[in-house]
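One structure below.
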Amino acid sequence: MKSCWIALLLASATLAADPPNVVLLYADDLGYGDVSCYGSKTIATPHIDKLAAEGLRFTDGHCAAATCTPSRFAMLTGEYAFRQKGTGVLPGDAKLIIKPGRATLASVFKGAGYQTAVVGKWHLGLGEGGLDWNGAIQPGPLEIGFTHCFIMAATGDRVPCVYVQDRNIVGLDPADPIQVSYQQPFPGEPTGKANPELLRMHPSHGHDMALINGISRIGYMKGGKAALWKDEDMADTFTAQAVKFMEKSKDGPFFLYFAAHDPHVPRVPHPRFVGKSGMGPRGDAILQFDDSVGTILATLDRLGLKENTLVLLSSDNGPVVDDGYQDEAVQKLGSHHPAGPLRGGKYSAFEAGTRVPFIVRWPAKVKPGVSPALVCQVDFPASFAALTGQQAPVAAVDSQNVLPALLGEDKTGRAELVEQGGPLSLRQGNWKFIPANQGPARSKSTDNETGNALGPQLYDLSKDLGESQNLAQTQPDLTQSMAAALEKARLGAGK
């Protein structure tokens, strides 16, 4: 026991002398089977593949929820989103849902002396409600631990369609103020519903309100013409901001949360990627994300930071093909399986809802390989607190220190994990339990399986990764015990 403590003290001392930079590369709606290092034969993602070859590729890595806002909330706070009301998928004018001053993943790093930045998609709300977009936009990322931000408020398919840098809209002309509404259209402003002849991409469901850059969105917007983003340039804009932050912070240490928009809808990749995947805009957007990854990794190489930078790549939830626009994603899918061997996808309680690409590279510490450890993004606050020699945040009630698993020293990881899809589900080792739940078995809009069923579901993932053989009837004792464990986890909180 004494030797273990000595080893830990020595490791902490070494880390304090040379703390690693940390870069989190976070895709949006990227599925387990959407990248070639996870088995895709139809899409080539060479930069992600290189990262995996040089690092540790997890086969059982999870986000905390099968949709974006709750997944990001849990990752940053270390608390399952289902514990907090108002953490569902947010409109673009929602107030900040992480209380200012609350300890977060960003504040963990900030407390260890890191420069901290979020670049890309935010979707956790801004302000305190009734925000005036033409003034200082706060509270926001800077009030929960980030020292810099360059973000979109929500998603590409929601207004306002502008960038926010720190506390202000980028490029806003005071003579053309922004107005945002999620209740009523602005008189005289075109919409996708009223003016379909102006659209270059038509909605398949919803997404028929404000018309920006020939694409109709969710919500209504007026003004701010000089500040509007150009969809085709979004990935390059975010990537350039990430590079700028790393260059400015190269003397370190720094934490970069690069929250890419790809391959979320609307999928409008830069012309240099159009048609390159053969799968339409969704496939092209995946290639665009891979290119952003390559640019960021090349920057680390150029700055001489590769060896002592921990790079982690993952996604906010599983894949969806038709998520609101007629972009040929369904027609051109061909033999591609976005979820790989898994069942379900975005919005689903099945494994593909939360089991996503999950790669860690840290040349100075992590040996390349493949890990079967069960790990989840909700564990980042506790794990990175341990990495930086700090106590886990008290409010991170569901976050466990899985740092040994992230570094390849432990092949087990978590013993238990709650997955938030439609119904909550529970993992215990290789067993997966989904309780009985009312509702359609498939989403009418996306056609993804929801995981809903009139009776309980139990799967042995060691033999049935695709969740095709329901064992609830043949394993009644295990089904009952996992049902009780899920209810205990749902009602309680703690490690």
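Values in this text are rule-based calculations from the coordinates and carry no lab data. These numbers were taken from a predicted model, which means no experiment stands behind them. Note that we place each Cβ from the backbone using ideal geometry, even for glycine, and neighbour counts take in every protein chain shown.
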Next on the checklist: Can you tally the net charge around P404? Count Lys and Arg as +1, Asp and Glu as -1, for every other residue whose Cβ sits under 11 Å from the Cβ of P404.
Outcome noted: -1
Item to check | Under-5 Å amide H pairs with K346, H placed in peptide plane, nonlocal only | outcome: G318, V320
Checklist outcome for this item: Between E307 and Q326, the two model label points (7 Å from Cα along the beta-carbon direction) sit apart by a distance in nm of 5.7
Checklist entry - Could you name the lysines in cross-link range of K99, using Cα to Cα under 16 Å and dropping any fewer than eight places away on the same chain? => result K85
Checklist entry - How do the peptides 266-278, 436-448, 378-390 rank, highest first, by the average count of neighbouring beta carbon atoms within 10 Å per residue? => result 378-390, 266-278, 436-448
Checklist entry - Could you give the length gained on full extension between R102 and Q480, defined as 0.36 nm per residue of separation minus the Cα-Cα distance, in nm? => result 132.4 nm
Checklist entry - So if R0 is 30 Å, what FRET efficiency would D460 and V89 give, r being the distance between their Cβ atoms, rounded to the nearest 0.05? => result 0.40
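I need the semi-axes of the equivalent ellipsoid of the stretch 179-222: take the C-alpha gyration tensor, multiply each eigenvalue by 5, square-root it, list largest first in whole angstrom.
16, 11, 8
Using the C-alpha atoms of the stretch 331-481, what convex hull volume per residue, in cubic angstrom, is computed?
Spread over its residues, the Cα hull of the stretch 331-481 gives 151 Å³ apiece.
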Checklist entry - Where Lys and Arg each count +1 and Asp and Glu each count -1, what net charge lies around D176 among other residues with Cβ under 15 Å from its Cβ? => result -1
Item to check | Per-residue HN-Hα couplings for the stretch 217-222 [Karplus 6.51, -1.76, 1.60; θ = phi - 60°; Hz; x = Gly/Pro] | outcome: 10, 9, x, 10, 8, 9
Checklist entry - Based on DSSP H runs of at least 4 residues, each adding -39500 (n - 2.57), what is the mean residue ellipticity at 222 nm of the chain after dividing by all its residues, to the nearest 500 deg cm²/dmol? => result -7000 deg cm²/dmol
Next on the checklist: So the label point goes 7 Å from the Cα of L198 along Cα→C-beta, right? Which residues of the stretch 144-167 then have their backbone N under 16 Å from it?
Outcome noted: 159, 161
Checklist entry - What fraction, in whole percent, of alpha-carbon pairs in the stretch 416-491 exceed 16 Å separation? => result 48
Checklist outcome for this item: By the C-alpha gyration tensor axes a ≥ b ≥ c (rounded if a/c is under 1.5, else prolate when a/b exceeds b/c, else oblate), the shape of the stretch 161-311 is oblate
Item to check | Global form of the stretch 278-364, assessed from the alpha-carbon gyration tensor, a/c cut-off 1.5 | outcome: oblate
Next on the checklist: For a bin width of 20 Å, list the pair-distance distribution of the chain built from all Cα-Cα distances, rounded to whole %.
Outcome noted: 24, 59, 17, 0
Checklist entry - So how much slack lies between Q183 and D132, counting 0.36 nm per residue of separation and subtracting their Cα-Cα distance, in nm? => result 16.8 nm
Next on the checklist: Please enumerate, by chain and number, the lysines with C-alpha under 24 Å from the C-alpha of K306, excluding those fewer than 8 residues away in the same chain.
Outcome noted: K50, K110, K244, K248, K250, K365, K367
Checklist outcome for this item: Descending packing, highest mean Cβ count within 10 Å first, for 243-253, 34-44 is 34-44, 243-253
Checklist entry - In nm, what is the difference between 0.36 nm times the number of residues separating E247 and V274 and their Cα-Cα distance? => result 6.8 nm
Checklist outcome for this item: Quick note, the stretch 67-159: a/c under 1.5 would make it rounded; otherwise a/b > b/c is prolate and the rest oblate (a ≥ b ≥ c, C-alpha gyration tensor); here it is oblate
Checklist entry - Could you give the radius of gyration (one decimal) and Dmax (whole number) of the Cα atoms in the stretch 400-454, in Å? => result 15.1, 44
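Select from the chain the helices, each a whole stretch of DSSP H, whose alpha-carbon atoms run 15 Å or more along the helix axis and whose Kyte-Doolittle mean is at least -1.0; answer none if there are none. If you can, show how the numbers build up before the last one.
Details: long enough: 2-17 (23 Å, 1.51); 234-248 (21 Å, -0.05); 280-302 (33 Å, -0.02); 476-491 (23 Å, -0.09).
In the chain, the long hydrophobic H runs are 2-17, 234-248, 280-302, 476-491.
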